[in-house]
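For reference, the structure is listed below as structure tokens.
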Amino acid sequence: MILAGDIGGTKCNLAVFDEHGSSLSLVFKRRYATSRFASLEELIEEFFRECAMHTGKNAADSVAAAGFGVAGAVVDGRLVANNIPWELTASVLARKVGLDPEQLTLINDLVATAYGLVHLAPEDFLVLNAGTPQFNGNQALIAAGTGLGEAMIIWDGRQHRASPSEGGSADFAPRTEREIQLLQFLKRKLERVSCEEIFSGRGFRKLHEFLDPAVVHPTFQEPEATSASEITQNALAGTCPVCVEVLDWWIDALGAEGGNLALRVLAYGGVYFAGGIVLKVLSKLRTSGFCQSFADKGRLGSVLSNIPISVVLNEDAPLLGAAHQALGTVSTARRERHEILFELQPEREGQPR
């Protein structure tokens with residue numbers, strides 16, 4: 001079996017797959033609230049118990065490899081993250097789940113999503129701009145949720161390879177007079193204003209408070225990220241004019257940030273948008289000026305208007321990517337064992353090695 005996880009600041013998805021050569025079939029999957037558990041190891045134990053209860057399979061003793069996409073930077077096998085409360089180290093985690101270190105893959109969640117894209121079906125994407133895709137062109141991925149994730153998908157001459165980015169931690173760059181005023185407003189509260197402060201879930205309340213601090217909603221007494229759902233619901237229902245303006249502004253600004261990423265990566269192969277917030281506001285994305293904001297880059301506007309833009313509809317993309325990366329370690333190990341056994345075979349008379 002292959003154990004896979006999509007580990008985020010708000011929720012975690014875990015799954016186990018049976019392997020069939022180079023393909024995988026789902027055995028069991030569950031979603032959990034990250035805040036319920038003191039560690040990822042505790043969460044995995046709960047998952048194994050539920051898997052045994054529902055499938056009768058003891059996954060804990062059957063896992064050949066594991067892969068986890070985690071929201072943050074993975075540096076020398078250790079997670080560095082703003083939104084996940086746990087300390088994660090690949091070697092320690094491998095030991096906890098009964099694996100050798102080389103059997104466990106710990107990667108950035110956007111990298112996992114990027115590797116999952118090739119395992120999705122055409123209906124798992126919503127095309128916002130067909131553009132003129134270049135098969136061997138670089139690609140980019142941006143996901144807005146509890147945080148803001150970005151990844152680069154680089155063509156190496158033979159295939160696309162995903163590379164992590166901490167673009168969400170880059171400085172927020174205002175485009176308009178209003179955004180300059182927003183930056184000044186936020187600088188009075190924050191030592192530093194990163195892109196993530198605007199383009200993640202916690203950005204919605206900041207925009208709302210800037211536009212009209214006199215309008216207060218019930219979730220404004222709770223952590224910032226919890227207000228994103230209320231504000232978007234109000235905006236989609238049209239029950240609060242300020243919320244409507246916030247959502248329109250947020251979508252416009254996210255499109256512009258996607259265009260910035262496309263410029264940095266030269267993503268002629270396409271830009272993919274993912275994350276829970278984008279999925280919740282699809283109806284607005286279809287009718288907004290999102291693609292126009294993406295391409296509004298002066299003389300390079302015509303170039304960006306030809307870049308394909310798609311929304312990833314399947315939220316299992318990170319799980320699939322992490323699972324297939326883990327499967328790759330199994331395939332590599334088996335190939336190496338086969339080569340060693342071949343080398344150890346005695347030479348037969350008259351037959352070359």
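Here's the yes/no breakdown for (1) surrounded by fewer than 14 Cβ atoms within 10 Å (Cβ to Cβ); (2) in contact (Cβ under 8 Å) with a residue 40 or more places away in the chain; (3) among the charged types (D, E, K, R):
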site	(1), (2), (3)
L211	no, no, no
A214	yes, no, no
Q221	yes, no, no
T232	no, yes, no
C240	no, no, no
C243	no, no, no
V246	no, yes, no
W249	no, yes, no
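Filtered by the rule that a residue be touching a strand residue (DSSP E or B) at 6+ places or on another chain (Cβ under 8 Å), within 21 Å of A162 (Cβ to Cβ) and in a strand (DSSP E or B), the range 63-90 gives A65, A66, G67, F68, G69, V70, A73, V74, R78, L79, V80. Taking the range 63-82 as the range and being surrounded by fewer than 21 Cβ atoms within 10 Å (Cβ to Cβ), touching a residue at least 24 places away in the same chain (Cβ under 8 Å) and in contact with an Asp or Glu (Cβ under 9 Å, 6 or more places away or on another chain) as the test, the residues that pass are A64, A73, N82.
When you scan the range 71-84, do you find a residue that is at pLDDT 90 or above and in contact with a Leu (Cβ under 8 Å, 6 or more places away or on another chain), even just one? No, the range 71-84 contains no residue that is at pLDDT 90 or above and in contact with a Leu (Cβ under 8 Å, 6 or more places away or on another chain). Restricting attention to the range 254-268, does a residue exist that is farther than 19 Å from T113 by Cβ, small (G, A, S) and touching a residue at least 60 places away in the same chain (Cβ under 8 Å)? Checked against the condition, which is being farther than 19 Å from T113 by Cβ, small (G, A, S) and touching a residue at least 60 places away in the same chain (Cβ under 8 Å), the range 254-268 yields at least one hit.
Within the range 284-309, the residues that satisfy the criterion of being buried (at least 21 other Cβ atoms within 10 Å of the Cβ) and within 11 Å of A130 (Cβ to Cβ) are I307, P308, I309. Any residue that is assigned to a helix (DSSP H, G or I), acidic (D, E), in contact with a Phe, Trp or Tyr (Cβ under 9 Å, 6 or more places away or on another chain) and closer than 10 Å to L148 by Cα - is there at least one of those in the range 173-194? Taking every residue of the range 173-194 in turn, none turns out to be assigned to a helix (DSSP H, G or I), acidic (D, E), in contact with a Phe, Trp or Tyr (Cβ under 9 Å, 6 or more places away or on another chain) and closer than 10 Å to L148 by Cα. Only one of the numbered conditions (1) in contact with a helix residue (DSSP H, G or I) (Cβ under 9 Å, 6 or more places away or on another chain); (2) part of a loop (DSSP other than H, G, I, E, B); (3) more than 22 Å from V281 (Cβ to Cβ) is violated by I153, and that is (2). So, in the range 18-50, of the ones that are of a type in the set (F, W, Y) and either more than 17 Å from L319 (Cβ to Cβ) or in contact with a strand residue (DSSP E or B) (Cβ under 6 Å, 6 or more places away or on another chain) (or both), which residue ends up surrounded by the most Cβ atoms within 10 Å (Cβ to Cβ)? Going through the qualifying residues, I end up with F47.
Please go through the range 150-182 and pick out each residue that is within 13 Å of G137 (Cβ to Cβ) and surrounded by 16 or more Cβ atoms within 10 Å (Cβ to Cβ). Once the filter is applied, which keeps residues that are within 13 Å of G137 (Cβ to Cβ) and surrounded by 16 or more Cβ atoms within 10 Å (Cβ to Cβ), the range 150-182 yields M152, I153, I154, W155, H160.
Residues in the range 44-59: is at least one touching a residue at least 60 places away in the same chain (Cβ under 8 Å) and either within 16 Å of the chain's Cα centre (by Cα) or at positive phi (or both)? So far as the range 44-59 goes, no, none of its residues is touching a residue at least 60 places away in the same chain (Cβ under 8 Å) and either within 16 Å of the chain's Cα centre (by Cα) or at positive phi (or both). Quick check on the range 1-15: of everything there that is under 25 Å from T146 (Cα atoms) and touching a Ser or Thr at 6+ places or on another chain (Cβ under 8 Å), which residue is surrounded by the most Cβ atoms within 10 Å (Cβ to Cβ)? Among those residues, the one meeting the criterion is I7.
Residues that are touching a helix residue (DSSP H, G or I) at 6+ places or on another chain (Cβ under 7 Å) and either assigned to a loop (DSSP other than H, G, I, E, B) or of a type in the set (D, E, K, R) (or both) within the range 156-172 comprise A170, F172, listed in sequence order.
Taking the range 91-140 as the range and being part of a loop (DSSP other than H, G, I, E, B) and more than 18 Å from V271 (Cβ to Cβ) as the test, the residues that pass are V97, G98, L99, D100, A121. The set of residues in the range 157-208 that are among the aromatic types (F, W, Y) and over 23 Å from P223 (Cα atoms) is empty.
The values are calculated or read from the model by the stated rules, or taken from the named source; none is laboratory data. Here the structure is a predicted model, which is why all the values come from computation and not from measurement. Ideal geometry is used to build each Cβ from the backbone, glycine not excepted, and the neighbour counts take in all protein chains shown.
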